[in-house]
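Structure, as structure tokens:
The values are calculated or read from the model by the stated rules, or taken from the named source; none is laboratory data. Owing to the predicted nature of the structure, the values given are computational and were not obtained by experimental measurement. No Cβ is skipped: glycine too gets one built from the backbone with ideal geometry, and neighbour counts run over all protein chains shown. Please note that ligands, DNA and RNA were not included when accessible areas were found on the heavy atoms of the full protein model with its side chains. Shrake-Rupley method; radii C 1.70, N 1.55, O 1.52, S 1.80 Å.
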Amino acid sequence: MYSKEDILEKLKAADRILVGLGEEFDKTKVIGNSSEYQNGKNLLKSKGCDWLIPAWDAFCLRKMEDKSISSALGKLSVLLEGKNAFIVSTSVNGDIARYGGNVVMPCGSGLKKQCFKGCGNVLLEVTEADRKIMGQGFEKLFHESEVSQEEIGELFSLGTCPECGAPLVLNTVYAENYNEGGYLEQWKIYTKWLQGTLNHQLLVLELGVGMKFPSVIRWPFEKAAFFNQKAFFCRVNETLYQLAEELSGKGCGISMNTIDWLNQL
């Protein structure tokens, strides 16, 4: 059994750190148990607006003054300071993107918008005006039990595609025609970085990653740890913390919510 102190020692000793951040960084039990949150989420899904749900999650975290995720990300930032690390995230929490160069978010971050129909050349920055529009729309959604399809379109209008005229939506995997162009260049940088870890002391730190997109983090991270004889694998997850048999003796699984774990370090 590895203690927090053991993991911190592994982190200090590593000269390469591969970090995976998962769905536990999108929302907490606090908002998940809220009737206002659930009503809004169900309404958005019923109107075919799944692309808005990650932004709704972020709004509700702020609305309920739940700072546990931002605090956990702050703790992680301190732990990785000065380290040669790369973060891969299946979370779409836009705060993760603010780490800088060594971050790739294959599921998107909500910081860009795309054509609803998926026009490949259309990827635009989300503006402050867009954020204001969404914030006002979410305020209405938070306080009202029913919003019509027409109102949804008016409340969350982020402009139209310059190529086909379709509405613009947030560029995340929750968009019906997700445009993957927003992360592919960064993915190339990540794969090159990963190739350079083979003969180095590597710590693989997988935090809050479920089975929603296992081919992005869980399986590749296990493979990276298996083939690197100097690697140590640490998986923190409230329920899916078990390690593959092939990693026996070179890693640990910690049964704990990642946000709580980081905040207690």
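Is there a residue in the stretch 250-265 that is in contact with a helix residue (DSSP H, G or I) (Cβ under 9 Å, 6 or more places away or on another chain), open to solvent by less than 60 Å² (accessible area, probe 1.4 Å), assigned to a strand (DSSP E or B) and of a type in the set (Ser, Thr, Tyr)?
There is no residue in the stretch 250-265 that is in contact with a helix residue (DSSP H, G or I) (Cβ under 9 Å, 6 or more places away or on another chain), open to solvent by less than 60 Å² (accessible area, probe 1.4 Å), assigned to a strand (DSSP E or B) and of a type in the set (Ser, Thr, Tyr).
Out of (1) under 17 Å from Tyr190 (Cα atoms); (2) open to solvent by less than 10 Å² (accessible area, probe 1.4 Å), the odd one out for Arg98 is which?
Just one mismatch for Arg98, condition (2).
Do we have Ala72 as in contact (Cβ under 8 Å) with a residue 60 or more places away in the chain, surrounded by 21 or more Cβ atoms within 10 Å (Cβ to Cβ), closer than 30 Å to Leu194 by Cα and hydrophobic (A, V, I, L, M, F, W, C) here?
Judged against the criteria, Ala72 is a match.
Could we say that Leu43 is part of a helix (DSSP H, G or I), more than 30 Å from Tyr99 (Cα to Cα) and open to solvent by less than 50 Å² (accessible area, probe 1.4 Å) here?
Spelling it out, Leu43 is indeed part of a helix (DSSP H, G or I), more than 30 Å from Tyr99 (Cα to Cα) and open to solvent by less than 50 Å² (accessible area, probe 1.4 Å).
Show the residue pairs meeting these rules: Cβ distance below 8 Å; 6+ apart or different chains; first residue within the stretch 112-127 and under 9 Å from Asn179 (Cβ atoms); second residue open to solvent by 60 Å² or more (accessible area, probe 1.4 Å) and of a type in the set (A, V, I, L, M).
Partner pairs satisfying both residue conditions: Lys112/Leu124; Gln114/Leu124.
Could you grab me the full set of residues in the stretch 157-171 that are touching a residue at least 24 places away in the same chain (Cβ under 8 Å) and either part of a helix (DSSP H, G or I) or over 15 Å from the mean Cα position of the chain (by Cα) (or both)?
Ser157, Leu158, Gly159, Cys161, Pro162, Glu163, Cys164, Ala166, Pro167, Leu168, Val169
All but one of (1) closer than 21 Å to Gly48 by Cβ; (2) in contact (Cβ under 8 Å) with a residue 60 or more places away in the chain; (3) open to solvent by less than 20 Å² (accessible area, probe 1.4 Å) hold for Ala85; which doesn't?
Result: Ala85 fails condition (1) only.
Could you tell me which residue of the stretch 172-231 is most open to solvent (accessible area, probe 1.4 Å), considering only residues that are of a type in the set (Lys, Arg) and assigned to a helix (DSSP H, G or I)?
Lys192
Scan the stretch 92-100 and tell me whether some residue there is outside any helix (DSSP H, G or I) and closer than 20 Å to Arg62 by Cβ.
Yes: the stretch 92-100 contains one or more residues that are outside any helix (DSSP H, G or I) and closer than 20 Å to Arg62 by Cβ.
How many residues does the stretch 28-75 contain that are more than 15 Å from Gly94 (Cα to Cα) and of a type outside the set (S, T, N, Q)?
Residues meeting the conditions: 20.
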